Amino acid sequence: MSHVYSDDDGKLLVKLARDTVELYVREKRKPAPPDGIPDHLRNKSGVFVTLNRISGEKSQLRGCIGRPYPTEPLVVATINSAVDAAVNDPRFPPVRANELDEILIELSVLTPPQKIEYSEPQELISKIKIGRDGLIASQGMRRGLLLPQVPVEWNWDVEEYLKHTCNKAGLPADAWKDSATEFLSFQAEIFGEESPRGAIKRGHDTPVC
């Protein structure tokens, strides 16, 4: 995947997510997008914000929510996703102010999801590349998403990745073999803090959703 966003773009977006989390947790309000945002960061884009809590050498997921589809300007989606990751992830209690010094922020900017066309399960497997593709599984009203860094973190092969994506959607693990299950793929540019409030770099590898 060629880079659409520069390292400076990534630093700006992660800092915006950081500032949003800090402000919302402390004061229950969102910041306005800062002045001087480049025009291309105002284009609509999907984005996910991941929060991890660092304790010694251990890192534990603390919140991860985003917008899979390009429905909001990227800077707005970043602010809204940062708030949701901090206080609205139903898997975790809201982040508290006394945790902020231990929170590590990662941001994934997504390409628009595209439906994977295939005729049988083995063809589906052949069209997914670990480390490149994020997945969305859907069947009826059920829908689940895993970011492309997830199978890398857990050392899954493609079949394991498909099973876990189905589980994320609330479907049986073998629902990937069911023709009623639809899969979409997307790619992501990932930026993250090396330490809480620390340097920001591309492709930081941390525990993910």
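The values are calculated or read from the model by the stated rules, or taken from the named source; none is laboratory data. Treat the numbers as computed from the prediction; the structure is a model and nothing was measured. Positions of Cβ are generated from backbone atoms using ideal geometry, with glycine treated the same way; all protein chains shown enter the neighbour counts.
Summary table
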{"quantity": "Those residues of segment 17-33 which are outside any helix (DSSP H, G or I) and in contact (Cβ under 8 Å) with a residue 40 or more places away in the chain, in sequence order", "calculated": "30, 31, 33"}
{"quantity": "Leading residue by the ranking (farthest from the chain's Cα centre (by Cα)) among those in segment 52-88 that are closer than 19 Å to residue 109 by Cα, surrounded by fewer than 21 Cβ atoms within 10 Å (Cβ to Cβ) and of a type in the set (D, E, K, R)", "calculated": "72"}
{"quantity": "Candidates 14, 49 - the one that is under 16 Å from the mean Cα position of the chain (by Cα) and outside any strand (DSSP E or B)", "calculated": "14"}
{"quantity": "Qualifying residue in segment 33-51 (condition: modelled with pLDDT under 95, exposed (fewer than 13 other Cβ atoms within 10 Å of the Cβ), assigned by TED's automatic domain parsing to the domain that holds residue 103 and under 22 Å from residue 153 (Cα atoms))", "calculated": "no"}
